[in-house]
Each structure stands twice: as structure tokens, then as C-alpha cells.
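Have a look at the structure below, then the notes.
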Amino acid sequence: MKPTRRQFLTAATSFSISYAVLPRVGFGQQKKPTRIILLGTKGGPRVGETGRSNPSTLILINDVTYVVDCGYGTSKQLLTAGIALNRLRYIFITHHHSDHNLELGALVYNAWITGLPAHIDAYGPPGLTQMIRDFFNYQKFDIDTRIEDEGRSDPHNLITSHEFDKAGMVLTNDDVKISACMVRHPPIKQAYAYRFDAKDRSIVISGDTTYAPELADFAKGADVLVHEVMYLPGIDALVRRLPNAKRLREHLMAAHTLPEDVGRIAAQADVKTLVLSHFVPGDDASITDEQWSEGVRKYFKGRIVVGKDLMEI
Ligand SMILES: [Zn+2]
Ligand SMILES: [Zn+2]
């Protein structure tokens, strides 16, 4: 059924109505298809020697940028993906482990210094506002100097932070509804997954979590689930390699998801495509795509993508 003009106008002003009653594909309000680009797929704070950058995922909805997590290297990866840094518009932080926020301030700075930046809205758990304030303090000398010496705008006005501390709707605009679900990532309590319901596509990003059945409900029927994954034999090899890693294995087991459990979640959620990302360990090139996915496949019969940096889904 083609939307009538009246429906069309209604949809332009009220997304919640248009989302419910209009066809999701080919709707004229949204000209560009929703894209997902994996910017960084290596879980954990160490900078990887090869292959994978630290966690970040870009979603482009109607050509507007939504960056989920800002691990080290996010600015560079955006540029490599062909996204000018002054196009940064929305940032979402899943939780405050540094592999998810280390470049938050620097990314905002880089958008500012590129010139003609868009306003940036950042969303995340408590601590976000202070973190941004602290970054501006950290770079106070440089920022004050450039405002005075180069006539730059004041970057403090460039970004608005929005903290939340429970599950629910995070942002609604004409293109997308974005909601958050609390996941299980001890000892961190404020850890979230995000769901993006665009007109043509629904996408869930798990954030960091151990097996969390509530995530399956949250991701129900999504087109794409991007889920973290941990490979146990790789962890044991990692722990052997690292000094001072006694408690690391304990933390990883309590806080991340093994392939079989990723498969269970994807199957329960009945998603179309499962994308593995946030690989732990993320810089062990000896682990093959088949090894990452074989445990998943025992439970999930849909399409499995073993994520790589800069891969588009
Ligand atoms: Zn992480
Ligand atoms: Zn984490």
C-alpha cells in the first residue's frame, strides 16, 4: 500500500505514528539505506599489534552518523571509512571501560578542530558529563590558545551530554528510535546494549555482556545483532602470555560471552543476521573465522558474519 499524502505528512512530524502504520522499506522520507560499519572489533584496552582496532561501531541512518563507543583509534577509523570528522553527530557509550570511551574527548576535539562541526549529542551512563568536562580541562591550554590565537569557536558549546541510569528510550527523531537495555558486565553495573529501529532496518549492539537472556528479548526480531564474543582457548593462551593476569581470566569469564551463548541469544532473539565483534582476544591471528563461529552455529541457524574492521553490513 502506498502511503497517502496525509500519512506522509503525519509521518514527517510524528515518527512514532509513522513507524507503526507505514511500510518500513522504501518509505520516501528516508532516502539513504541504513548502513553499519565496524570501525574497531578488538575487545579490551590494549592496542592490538595487528589487524583490529579498539571497539567502535558506526551506524549511518539517512546519512547521519551514530557512533557507538569510542575506543582508541576511532577518529582514524572514521577517516579510513570515508567519514569526515566534522560529520560526527551522535555518540553512544555502552559503559565506561576505557576500550569503549578512551577516545571520546579526542574524537569530539577532532570534530571541532576539523572545522564547521555539527552539534554533537552524546548519550551514556553516569560519568559521561564529568568525563567530557575533564577532557576540556585536560586540553584547556590548547583550546584557550586556539580560541585566542586562531579565532576558533568555543568547543564547550559543541557537545551536549545526556546521561541515563536505567533501561528505556534514549533518543527518538524522524529517522530512528534508539533504546537501551541493561546488560550483565560485572563489576560494572551501568552497562547497556543499544537498539536502533530505523525505518528500513533494526540493529542491536550488545555492548559488553556475559550471557544475558534479557538481551534476547531486547533484540527480538532485529535485522542485525552485533554481539561481543570471547573464545576460551584463546583466553587461556592470552593469560599465559600476559604478566599480572591472574584475575584477568576470572573477570573475562564473568563479564563476556562464549560463542555457544552468543548463538543462544541470537537464536532466542530470532535475528536475521548475527555479526560477531568485540573479539576477546582480539589480536590472536591464529584464531580462525571458523573457530569464532563454530560454537555459535550449534544454536543459531541464521547468517553469521565474523566481523572485521571497516567491514560494512
Ligand atoms: Zn570492552
Ligand atoms: Zn567492558
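Details
- Considering residues of the stretch 192-213 that are within 15 Å of ligand 1 (Cβ to nearest atom) and surrounded by fewer than 24 Cβ atoms within 10 Å (Cβ to Cβ) only, the residue nearest to A255 (Cα to Cα): T210
- Qualifying helices (runs of 4 or more DSSP H) (wholly inside the stretch 228-313; at least 3 residues being surrounded by fewer than 14 Cβ atoms within 10 Å (Cβ to Cβ)): 232-241, 248-255
- In the stretch 96-123, the residues that are within 16 Å of ligand 1 (Cβ to nearest atom) and under 17 Å from L39 (Cβ atoms): H97, S98, D99, H100, N101, L102, E103, L104
- Residue among I61, I93 that is more than 16 Å from ligand 1 (Cβ to nearest atom) and β-branched (V, I, T): I61
- Qualifying residue in the stretch 70-87 (condition: touching a residue at least 12 places away in the same chain (Cβ under 8 Å), open to solvent by 30 Å² or more (accessible area, probe 1.4 Å) and in contact with a His (Cβ under 8 Å, 6 or more places away or on another chain)): no
- Scanning the stretch 159-171 for residues that are open to solvent by 70 Å² or more (accessible area, probe 1.4 Å) and part of a strand (DSSP E or B), we see that the one that is nearest to H227 (Cα to Cα) is M169.
- The C-beta contact set for the stretch 202-217 (first residue over 21 Å from S56 (Cβ atoms), second residue within 13 Å of ligand 2 (Cβ to nearest atom) and among the charged types (D, E, K, R), distance under 6 angstrom, 6+ apart or interchain) comprises T210/R184; A212/R184.
- Only one of the numbered conditions (1) away from ligand 2 (no atom under 16 Å from the Cβ); (2) open to solvent by 10 Å² or more (accessible area, probe 1.4 Å); (3) part of a helix (DSSP H, G or I) is not met by L107, and that is (2).
- Condition check for Y72: within 18 Å of the chain's Cα centre (by Cα) and of a type outside the set (A, V, I, L, M, F, W, C): yes
- When A216 is tested against (1) within 16 Å of ligand 1 (Cβ to nearest atom); (2) within 22 Å of R297 (Cα to Cα), just one condition goes unmet, and that condition is (1).
- Single residue of the stretch 140-158 satisfying the filter (surrounded by 15 or more Cβ atoms within 10 Å (Cβ to Cβ) and of a type outside the set (D, E, K, R)) that is nearest to Y192 (Cα to Cα): L158
- Condition met for P55 (at pLDDT below 95 and in contact with a helix residue (DSSP H, G or I) (Cβ under 9 Å, 6 or more places away or on another chain)): no
- Qualifying residue in the stretch 37-47 (condition: over 30 Å from S98 (Cβ atoms), open to solvent by 10 Å² or more (accessible area, probe 1.4 Å), outside any strand (DSSP E or B) and at pLDDT 85 or above): no
The values are calculated or read from the model by the stated rules, or taken from the named source; none is laboratory data. Computed from a prediction, not measured in an experiment: that's the story for all the values here. We place every Cβ from the backbone using ideal geometry, glycine too, and count neighbours over all the protein chains shown. Accessible surface is based on the protein model in full, side chains and every heavy atom, while ligands, DNA and RNA are left aside. Shrake-Rupley method; radii C 1.70, N 1.55, O 1.52, S 1.80 Å.
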